[in-house]
Amino acid sequence: MEGNLSGERFPLPSPIHPHKESHMLRVLVADDDPGIVRTLMLGLKMMGCQPVGVESAEAAIKALEEKGADLLLTDMRMEGMSGVELVRDAHAR
């Protein structure tokens, strides 16, 4: 797969550290823009991570309760609970 950046063609990288699924970094991506969620998830997969995408802070809390995560990437301004509130809630768990 190739993309276009500033008019130059470039190949998308392979995973930096391909791991077995049980050893992959679990990353929860929370953003109310589905395009951003998809883009971040694609990049994280290419880096060898196991991303989970959600479109609200409330869905992120549910995902954290059910499966946990090693890392949380969140939009700071979302409808309802903000990213700051989400991080505080996640940190308190």
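Counting only protein heavy atoms, what percent of the accessible surface of the stretch 20-93 is carbon or sulfur at a 1.4 Å probe?
Using a 1.4 Å probe with all protein chains present, the stretch 20-93 comes out at 55 percent carbon and sulfur.
Using the Karplus curve 6.51 cos²θ - 1.76 cosθ + 1.60 with θ = phi - 60°, work out ³J(HN,Hα) for each residue of the stretch 31-45 in order, rounded to whole Hz, and write x for Gly and Pro.
7, 7, 9, x, x, 5, 4, 4, 5, 5, 4, 4, x, 5, 4
For the stretch 36-75, rounded, prolate or oblate, judged on the Cα gyration tensor with a ≥ b ≥ c (square roots of eigenvalues), a/c < 1.5 rounded, else prolate if a/b > b/c?
It comes out oblate by the Cα gyration axes.
Does the stretch 54-93 come out rounded, prolate or oblate by the C-alpha gyration tensor, with a ≥ b ≥ c the root eigenvalues, rounded set by a/c under 1.5 and, if not, prolate when a/b is larger than b/c and oblate if not?
The shape class here is prolate.
What FRET efficiency comes out for Thr39 versus Lys62 if R0 is 25 angstrom and r is the Cβ-Cβ distance? Round to the nearest 0.05.
The formula returns an efficiency of 0.65 here.
The values are calculated or read from the model by the stated rules, or taken from the named source; none is laboratory data. All values reported here derive from a predicted model rather than from experimental measurement. Counting neighbours? That spans all protein chains shown, and the Cβs are built from the backbone with ideal geometry, glycine included. Areas reflect the complete protein model, heavy atoms only, side chains present, ligands, DNA and RNA absent. Shrake-Rupley method; radii C 1.70, N 1.55, O 1.52, S 1.80 Å.
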